[in-house]
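First comes the structure, then the notes that go with it.
The values are calculated or read from the model by the stated rules, or taken from the named source; none is laboratory data. Fair warning: this is a prediction, and the values are worked out from it, not measured in the lab. As a convention, Cβ positions derive from the backbone with ideal geometry for all residues, glycine included, and neighbour counts pool all protein chains shown. The protein model used for the area step is the full one, side chains on, heavy atoms only, and it has no ligands, DNA or RNA in it. Shrake-Rupley method; radii C 1.70, N 1.55, O 1.52, S 1.80 Å.
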Amino acid sequence: MISLQHVSMQYRMAGESIDVLKALDLDVKARERVAIVGPSGSGKTTLLLVMTGLEQPTGGEVLIHGKSLATLNRDARADLRRDTIGIVFQSFHLVPSLTAEENVALPLDIAGQNNGRTRAREMLARVGLGSRGGHYPAQLSGGEQQRVAIARALVHEPALLVADEPTGNLDERTGEDIIELLFTLNRESGTTLLLVTHDPHLAARCDRSLRLESGKLHPVVAS
């Protein structure tokens with residue numbers, strides 16, 4: 001489903017080079033559920049941005065369905081994300097001028113599908129926000145905004161869902177509901193899950209966990 005081959009990412013800050021990812025390798029199979037854990041500042045979010053083509057690595061190659069992202073221009077990468085990948089950002093990235101329903105329908109509207117509003121309402125109901133579709137992000141709590149972001153990422157039934165702390169802003173009950181939704185989609189639709197999380201319960205539900213530290217991924221061995 002997705003393969004990272006010797007991927008490196010380097011930033012320059014105050015004239016100094018900082019290696020965030022170091023010749024990192026990762027292979028994730030279709031339908032697999034993988035958790036990425038690690039300390040704050042270890043580069044987990046950078047890794048998600050690189051593997052979804054939102055940032056270009058300084059070295060190595062990222063392949064999705066065998067297609068190298070390096071061979072695609074910006075528009076082609078955007079098309080790939082629209083058709084294949086759902087992304088849940090830790091900071092939501094909702095459009096403030098759109099209602100919850102409009103935010104969720106946005107990927108379908110961009111794709112030219114004419115049933116976006118119906119599917120958006122259905123997905124909002126699945127994340128427990130069926131009565132909040134007409135509200136704007138500023139009228140929603142942080143947890144509600146998180147659920148809208150998750151609904152938007154799932155509405156087009158992506159082959160790959162990449163999520164940065166998908167339960168980080170949710171109470172325990174809602175977090176459990178969202179975890180169950182993610183894994184139900186995995187079972188029913190064959191969606192591959194790649195989750196960055198500090199939640200040990202969520203990581204334990206995955207097929208395997210990897211720890212990102214010092215720019216490398218290391219298997220987490222269950223105790």
Return only the number of the condition from (1) more than 24 Å from Val28 (Cβ to Cβ); (2) of a type in the set (A, V, I, L, M, F, W, C); (3) open to solvent by less than 10 Å² (accessible area, probe 1.4 Å) that Leu202 does not satisfy.
(1)
For segment 76-84, check the following and say yes or no: at least one residue is of a type in the set (Gly, Ala, Ser) and in a helix (DSSP H, G or I).
yes
Lone unmet requirement of (1) touching a Ser or Thr at 6+ places or on another chain (Cβ under 7 Å); (2) assigned to a helix (DSSP H, G or I); (3) at pLDDT 90 or above for Leu63:
(2)
Residue tally, condition buried (at least 16 other Cβ atoms within 10 Å of the Cβ), closer than 17 Å to Ile64 by Cβ and of a type outside the set (A, V, I, L, M), over segment 6-32:
1
When Glu165 is run through (1) at negative phi; (2) touching a residue at least 12 places away in the same chain (Cβ under 8 Å); (3) touching a His at 6+ places or on another chain (Cβ under 9 Å), the failure sits at (1)
Anything in segment 183-211 that is touching a strand residue (DSSP E or B) at 6+ places or on another chain (Cβ under 6 Å) and of a type in the set (A, V, I, L, M, F, W, C)? List them, or say none.
Leu193, Leu194, Leu195, Val196, Ala203, Cys206, Leu210
I'd like to know if segment 40-55 contains one or more residues that are modelled with pLDDT of 90 or more, over 15 Å from the mean Cα position of the chain (by Cα), open to solvent by 50 Å² or more (accessible area, probe 1.4 Å) and of a type outside the set (Asp, Glu).
no
Confirm whether Leu140 is touching a Ser or Thr at 6+ places or on another chain (Cβ under 6 Å), under 20 Å from Gln90 (Cβ atoms) and of a type in the set (A, V, I, L, M, F, W, C).
no
Would you please list the contacts, defined by Cβ atoms under 7 Å and residues six or more apart or on different chains, that run from a residue in segment 168-180 that is closer than 16 Å to Leu195 by Cβ to a residue that is small (Gly, Ala, Ser)?
Asn169/Gly142; Asn169/Gly143; Leu170/Gly143; Asp177/Gly128
I'd like to check something: does segment 80-97 contain any residue that is farther than 19 Å from Leu54 by Cα and either open to solvent by less than 30 Å² (accessible area, probe 1.4 Å) or modelled with pLDDT under 85 (or both)?
no
